[in-house]
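The values are calculated or read from the model by the stated rules, or taken from the named source; none is laboratory data. What you are looking at is a predicted structure, and each value in this text was computed from that prediction instead of being measured. Neighbour counts run over all protein chains shown; Cβ positions are idealised from the backbone, glycine included. The accessibility values were calculated without ligands, DNA or RNA, using every heavy atom of the protein model including side chains. Shrake-Rupley method; radii C 1.70, N 1.55, O 1.52, S 1.80 Å.
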Amino acid sequence: QCGAWASQSNIDNVEYLIIDNPPAGVLRLKAINWRAPSFGLPVAIAAKIIRGDPTPAMSMAATPNTMSPPVGSSFTVRTTVASPAYEAYGVQVSAAAASSGLSLQGVSTTREDGVTMDFPNAANLTLGTVTEADTRSATWRFNVNARGPQTIRFRAWSNNGGTVFKSVTVTP
């Protein structure tokens with residue numbers, strides 16, 4: 001091993017090396033198969049360069065399809081999570097709290113491959129990774145059971161992007 005950074009394991013065939021704030025210039029990556037059979041084995045390297053803060057402050061919007069749903073009807077609220085930089089990993093959303101005049105019916109999301117997934121009665125949903133300049137959304141369905149202002153508080157959190165809350169009020 002030579003150079004400024006190195007990683008070697010006699011136990012595992014996967015190594016992670018995180019270089020925080022490396023100097024500008026050309027960096028050389030090298031992989032060597034130690035204890036490989038004489039006929040050799042293929043080897044690969046994957047490198048990821050992170051520019052900017054690896055702990056982005058996520059944002060969330062909550063948009064109801066109507067501000068005044070009639071009592072006895074249902075309505076939806078679309079929550080959208082965004083990451084301003086890098087990637088927010090393991091993003092989850094929840095309908096954290098709702099007024100007693102509302103009942104949660106479920107949540108749906110459209111995956112990156114275009115398939116819509118529906119989760120009846122689910123109050124939490126994992127959206128996965130939200131990359132810079134992209135968003136992930138969930139659409140929540142509620143039934144209206146009473147008149148007067150009804151508030152829903154949504155929560156989004158991730159492994160590295162913190163926690164954000166967003167509330168929306170409808171008036172049946």
Task: Test result for residue 119, free of Cβ contacts under 8 Å to residues at least 60 places away in the same chain, out of contact with any Ser or Thr (no Cβ under 6 Å at 6 or more places or on another chain) and aromatic (Phe, Trp, Tyr) - done: yes
- [ ] From (1) open to solvent by less than 80 Å² (accessible area, probe 1.4 Å); (2) among the small types (Gly, Ala, Ser); (3) at pLDDT 80 or above, pick out the condition that doesn't hold for residue 46.
- [x] (1)
TODO: Find all pairs meeting these conditions: Cβ atoms under 9 angstrom apart; at least six residues apart or on different chains; first residue within segment 147-172 and in a strand (DSSP E or B); second residue of a type in the set (Phe, Trp, Tyr) and surrounded by fewer than 20 Cβ atoms within 10 Å (Cβ to Cβ).
DONE: 153/165; 154/165; 155/165; 156/165; 163/157; 164/157
Open item on the list: Anything in segment 60-94 that is among the β-branched types (Val, Ile, Thr), over 30 Å from residue 48 (Cβ atoms), part of a strand (DSSP E or B) and open to solvent by less than 60 Å² (accessible area, probe 1.4 Å)? List them, or say none.
Closed with: 76, 77
TODO: Considering each residue of segment 153-166, count those that are under 12 Å from residue 63 (Cβ atoms) and either open to solvent by 30 Å² or more (accessible area, probe 1.4 Å) or of a type in the set (Val, Ile, Thr) (or both), and give that number.
DONE: 1
Task: Whichever residue in segment 1-24 is within 32 Å of the chain's Cα centre (by Cα) and small (Gly, Ala, Ser) and, among such residues, is modelled with the highest pLDDT - done: 24
Task: Hits in segment 95-146 - residues which are surrounded by fewer than 16 Cβ atoms within 10 Å (Cβ to Cβ), part of a loop (DSSP other than H, G, I, E, B) and either within 11 Å of the chain's Cα centre (by Cα) or not β-branched (Val, Ile, Thr) (or both) - done: 100, 111, 112, 113, 114, 121, 123, 132, 133, 134, 145, 146
